[in-house]
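*Asks:* Pasting a structure below so you can have a look.
The values are calculated or read from the model by the stated rules, or taken from the named source; none is laboratory data. Just so it is clear, the structure is predicted and the values come from calculations on it, not from any experiment. Note that each Cβ is placed from the backbone with ideal geometry, even for glycine, and that neighbours are counted across all protein chains shown.
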């Protein structure tokens, strides 16, 4: 066992593609010609090597992301192999849910149990407006099928959009009353023009105020590898509610994550452009100890992050699909 790079950093977000089958407007999805050529995306064997190295140096949780990870051919077999890596305690998948109704049984058989599914509205017409696609019914069917198969937890990620879906927040929260879902509300990240982000941004304090009619929330103690969500139980609820406020309530001091983009760039922070190239050394035959050193560099960069007032936020100049969310 190699020496742990940090007692706090225990969670790696592993993006396996920059492609997506939706076109959510807030993702700032780029033009078709701006996608990575297939040879530039990390191969599965490279991703598995990185995940095994991450486990050896102390990371315990891997979340597979995209783009939309379920559109990459061979993803089920990849997840099966990921579950065999010694030292990894949690394997999770973030998906938009469009393909879940078909792939959920195979994913379950591959060993996967933990799902995050994006859903910003309960209205079919609004779903089409936000995502550019008419897949609302497929997502709802996939959610129900996942629960029936035994996936747990099934987390629903809802990006809050002022003037678009803030009138549905109560209805979305009530999904957790009648089902075992963990419904998580997420502040909009500053992708694209800053003026557009300001138009749709709603701080999490306002979200919680709007949902206060549901009763007194009881905090849930986080798991050791938990992400930034503050989780609560409410009286009479089968599931839970979560609140993620990366903008209005900076979580830099408690952040336990690193991100690896599909292009093989190790990214210490979502809001900072600085990245460390892992793909180059991987393909040049670098030894594990050198790759471990690159992980340590990423951890050191996390310690030097800046805090930004809302009015001074640096815009992200790339798509969320290219970073891995």
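*Asks:* Considering every residue within region 197-220, establish whether at least one is surrounded by fewer than 16 Cβ atoms within 10 Å (Cβ to Cβ), assigned to a loop (DSSP other than H, G, I, E, B), in contact (Cβ under 8 Å) with a residue 12 or more places away in the chain and under 22 Å from the mean Cα position of the chain (by Cα).
*Replies:* No: zero hits.
*Asks:* Could you figure out which of (1) closer than 30 Å to residue 296 by Cβ; (2) within 20 Å of the chain's Cα centre (by Cα) isn't true of residue 243?
*Replies:* All conditions are met except number (1).
*Asks:* Working only within region 139-162, note down all residues that are in a helix (DSSP H, G or I) and more than 20 Å from the chain's Cα centre (by Cα).
*Replies:* From region 139-162, those in a helix (DSSP H, G or I) are 139-149; that's our starting set.
Correct list: 141, 144, 145, 148, 149.
*Asks:* Identify the residue in region 122-137 that is over 11 Å from residue 24 (Cβ atoms) and in contact with a helix residue (DSSP H, G or I) (Cβ under 6 Å, 6 or more places away or on another chain) and, among all such residues, is surrounded by the fewest Cβ atoms within 10 Å (Cβ to Cβ).
*Replies:* Per the stated criteria, the residue is 134.
*Asks:* Moving to a separate point now. What are the residue pairs meeting all of these: first residue in region 279-302, first residue touching a residue at least 60 places away in the same chain (Cβ under 8 Å), second residue loosely packed, with under 13 Cβ neighbours inside 10 Å and assigned to a helix (DSSP H, G or I), Cβ atoms under 9 Å, and 6 or more apart or on different chains?
*Replies:* 279/40
*Asks:* If you don't mind, another one. If I ask for residues that are outside any helix (DSSP H, G or I) and surrounded by 15 or more Cβ atoms within 10 Å (Cβ to Cβ), which ones from region 181-196 would you list? Please lay out each step first, then the result.
*Replies:* Pass one, region 181-196, residues outside any helix (DSSP H, G or I): 181-193.
Within region 181-196, 181, 182, 183, 184, 185, 186, 187, 188, 189, 190, 191, 192 meet the criteria.
*Asks:* Now, a different point. Among the candidates 76, 62, single out the residue that is touching a residue at least 12 places away in the same chain (Cβ under 8 Å), closer than 21 Å to residue 18 by Cβ and either buried (at least 20 other Cβ atoms within 10 Å of the Cβ) or within 16 Å of the chain's Cα centre (by Cα) (or both). Explain how you work it out, then say what you get.
*Replies:* On the way: 76 fails: either buried (at least 20 other Cβ atoms within 10 Å of the Cβ) or within 16 Å of the chain's Cα centre (by Cα) (or both).
None of the other options fit; the residue is 62.
*Asks:* Let me ask something else about it. Pull up region 86-98, narrow it to residues that are crowded, with 17+ Cβ neighbours inside 10 Å and without any contact (Cβ under 8 Å) to a residue 60 or more places away in the chain, then point me to the one that is farthest from residue 258 (Cα to Cα). Explain how you work it out, then say what you get.
*Replies:* First pass over region 86-98, keeping only residues crowded, with 17+ Cβ neighbours inside 10 Å: 88, 91-98.
Still in the running and without any contact (Cβ under 8 Å) to a residue 60 or more places away in the chain: 88, 91-93, 95, 97.
Details: 88: 15, 91: 15, 92: 15, 93: 16, 95: 19, 97: 24 Å.
Only one residue tops the list, namely 97.
*Asks:* Return the residue satisfying two criteria in turn: it lies in region 120-138 and is assigned to a loop (DSSP other than H, G, I, E, B) and touching a residue at least 40 places away in the same chain (Cβ under 8 Å), and of such residues it is nearest to the chain's Cα centre (by Cα). Let's see the steps before the verdict.
*Replies:* Here is the first cut: in region 120-138, the residues assigned to a loop (DSSP other than H, G, I, E, B) are 120-123, 132-135.
Next, from what is left, pick out any that are touching a residue at least 40 places away in the same chain (Cβ under 8 Å): 120-123, 132-133, 135.
Numbers: 120: 14, 121: 18, 122: 20, 123: 23, 132: 20, 133: 20, 135: 20 Å.
The extreme case among them is 120.
*Asks:* Which of the residues that make up region 46-68 are touching a strand residue (DSSP E or B) at 6+ places or on another chain (Cβ under 8 Å) and part of a loop (DSSP other than H, G, I, E, B)?
*Replies:* 59, 60, 66, 67, 68
*Asks:* Additional query: When you check residue 165 against the structure, is it touching a strand residue (DSSP E or B) at 6+ places or on another chain (Cβ under 8 Å), surrounded by 15 or more Cβ atoms within 10 Å (Cβ to Cβ) and either within 30 Å of residue 106 (Cβ to Cβ) or at pLDDT below 95 (or both), yes or no? Write out each step before concluding.
*Replies:* On the way: touching a strand residue (DSSP E or B) at 6+ places or on another chain (Cβ under 8 Å): yes; surrounded by 15 or more Cβ atoms within 10 Å (Cβ to Cβ): yes; either within 30 Å of residue 106 (Cβ to Cβ) or at pLDDT below 95 (or both): no.
Judged against the criteria, residue 165 is not a match.
*Asks:* So residue 103 passes all but one of these: (1) under 28 Å from residue 160 (Cα atoms); (2) touching a residue at least 40 places away in the same chain (Cβ under 8 Å); (3) in a helix (DSSP H, G or I). Which condition number does it fail?
*Replies:* Residue 103 satisfies all of (1) under 28 Å from residue 160 (Cα atoms); (2) touching a residue at least 40 places away in the same chain (Cβ under 8 Å); (3) in a helix (DSSP H, G or I) except (2).
Residues are listed down the side, and each one gets a yes or a no for (1) outside any loop (DSSP other than H, G, I, E, B); (2) touching a helix residue (DSSP H, G or I) at 6+ places or on another chain (Cβ under 7 Å):
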residue: 231; (1), (2): yes, no
residue: 238; (1), (2): no, yes
residue: 243; (1), (2): yes, yes
residue: 248; (1), (2): no, yes
residue: 259; (1), (2): yes, yes
residue: 262; (1), (2): no, no
residue: 273; (1), (2): no, no
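*Asks:* Looking at this structure, is residue 188 touching a residue at least 60 places away in the same chain (Cβ under 8 Å) and within 14 Å of residue 248 (Cβ to Cβ)? If you could, list the steps in order and put the result at the bottom.
*Replies:* On the way: touching a residue at least 60 places away in the same chain (Cβ under 8 Å): yes; within 14 Å of residue 248 (Cβ to Cβ): yes.
Yes: the conditions hold for residue 188.
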